[in-house]
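Please read the structure below before turning to the comments.
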Amino acid sequence: MRIISGSAKGRRLASVPGTGTRPVTDKVKGALFNILGSQIEGATLLDLFAGTGSVGIEALSRGAGHVVFVDRGHRAIETIRRNLVTLELKERAEVIHGDAFHYIKQAPPERRFDYVYVAPPQYQGLWEQTLLALNEKPLLAEDGLIIVQIHPKEFRDLSTPNLCLLRERRYGSTLLCFYALSEQARQVLFPHMVNEEQNLPAQG
């Protein structure tokens with residue numbers, strides 16, 4: 001694995017020992033950040049089930065303002081910290097050794113992320129549980145995105161009134177699903193946006 005672009009372009013990442021992690025391929029990672037484009041600059045990102053930290057570290061290399069890495073695996077956490085130190089990116093990172101669901105539950109209400117990346121172990125239903133947890137407690141900024149990385153065979157429609165599926169992108173055996181806040185959730189979480197729109201002067 002390597003960093004594709006940014007300040008650490010071309011640098012190699014250490015892998016988590018063993019077979020318990022599922023690193024994203026360079027092809028998929030490149031496609032993801034091509035979609036996000038320059039909006040990643042200065043953004044905040046939550047990397048759940050972070051593994052090696054490849055996605056969050058790529059974001060930091062491309063200018064993200066702050067990334068929170070969460071993983072319950074001791075080896076994964078050690079690997080993330082090692083990669084951040086090696087690439088001199090630890091100053092804009094927070095590494096949490098713990099359960100993703102606990103993190104979502106205990107996160108303060110005011111904590112918001114521009115992007116939440118969800119890439120759990122396959123075929124355990126964890127992506128569904130995570131999305132449902134984020135539906136109950138959205139951690140997104142007003143125009144934020146949740147990006148779920150799964151095998152295409154894992155996908156199914158879920159009832160998430162606070163989140164809506166915007167798009168899907170398939171790259172071989174990897175499917176990326178992009179979710180945003182529903183209009184209903186935006187009105188509840190960010191009422192000032194609704195008030196500002198109502199107070200806009202009439203056109204013409």
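Nothing in this text is a laboratory measurement; each read-out follows from the coordinates by a stated rule. Bear in mind the structure is a predicted one, so any value in this text is a computation, not a measurement. As a convention, Cβ positions derive from the backbone with ideal geometry for all residues, glycine included, and neighbour counts pool all protein chains shown.
Values computed for the structure shown
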item	result
Sequence ranges 53-63, 130-140, ranked by mean other-Cβ count within 10 angstrom, highest first	53-63, 130-140
DSSP bridge orientation in the range 67-204 - percent antiparallel, rounded to nearest 5	55
Estimated Rh, the range 9-54: Kirkwood, alpha-carbon pairs, angstrom	12.4
Burial ranking of peptide ranges 101-113, 27-39 (average Cβ count within 10 Å, highest at the top)	27-39, 101-113
Tally of Lys pairs whose C-alpha atoms are under 18 Å apart, taken over the chain, 8 or more apart or cross-chain	4
The range 64-103: C-alpha gyration tensor shape, a/c 1.5 cut-off, then a/b vs b/c	oblate
Farthest toward positive dipole pole in the chain [+1 Lys/Arg, -1 Asp/Glu at C-beta], among S159, A14, L126	A14
Global form of the range 70-171, assessed from the alpha-carbon gyration tensor, a/c cut-off 1.5	prolate
Cβ-derived FRET efficiency at R0 35 Å, E91 paired with F155, nearest 0.05	0.40
Relative contact order of the chain, pairs being alpha-carbon contacts under 8 Å that are 6 or more residues apart, as %	15
Coil-residue chymotrypsin sites (Phe, Trp or Tyr not before Pro) of the range 119-179, DSSP, other Cβ within 10 Å capped at 12	Y123
Unit charges on C-beta of K, R, D, E only; dipole of the chain, Debye	920
Rounded to 10°, Cα long-axis angle of helix 26-36 versus longest principal axis of the chain	20
Viscosity 0.890 mPa s, 25 °C: Kirkwood-radius Stokes-Einstein D of the range 82-137 over Cα pairs, µm²/s	185
Integer Hz, Karplus 6.51/-1.76/1.60 couplings in order for the range 128-139, x for Gly and Pro	5, 4, 5, 5, 5, 5, 6, 5, 6, 9, x, 9
Full-extension gain in nm, Q129 to S38, via 0.36 nm per residue minus C-alpha separation	29.7 nm
Gain upon complete extension [T25, L189; 0.36 nm per residue less C-alpha separation]	55.6 nm
Amide H contacts of L140 (H built 1.01 Å from N, under 5 Å, at least 5 apart or other chain)	F113
The range 6-119 pair-distance distribution - Cα-Cα, 10 Å bins, rounded %	14, 50, 32, 3
Highest average packing first - 89-97, 142-150, 162-170, Cβ atoms within 10 Å	142-150, 89-97, 162-170
For the chain, the spread of Cα positions along each principal axis, largest first, Å	59, 35, 34
Cα-centre dipole for the range 91-135 with unit charges at Cβ (Lys and Arg positive, Asp and Glu negative), debye to 20	80
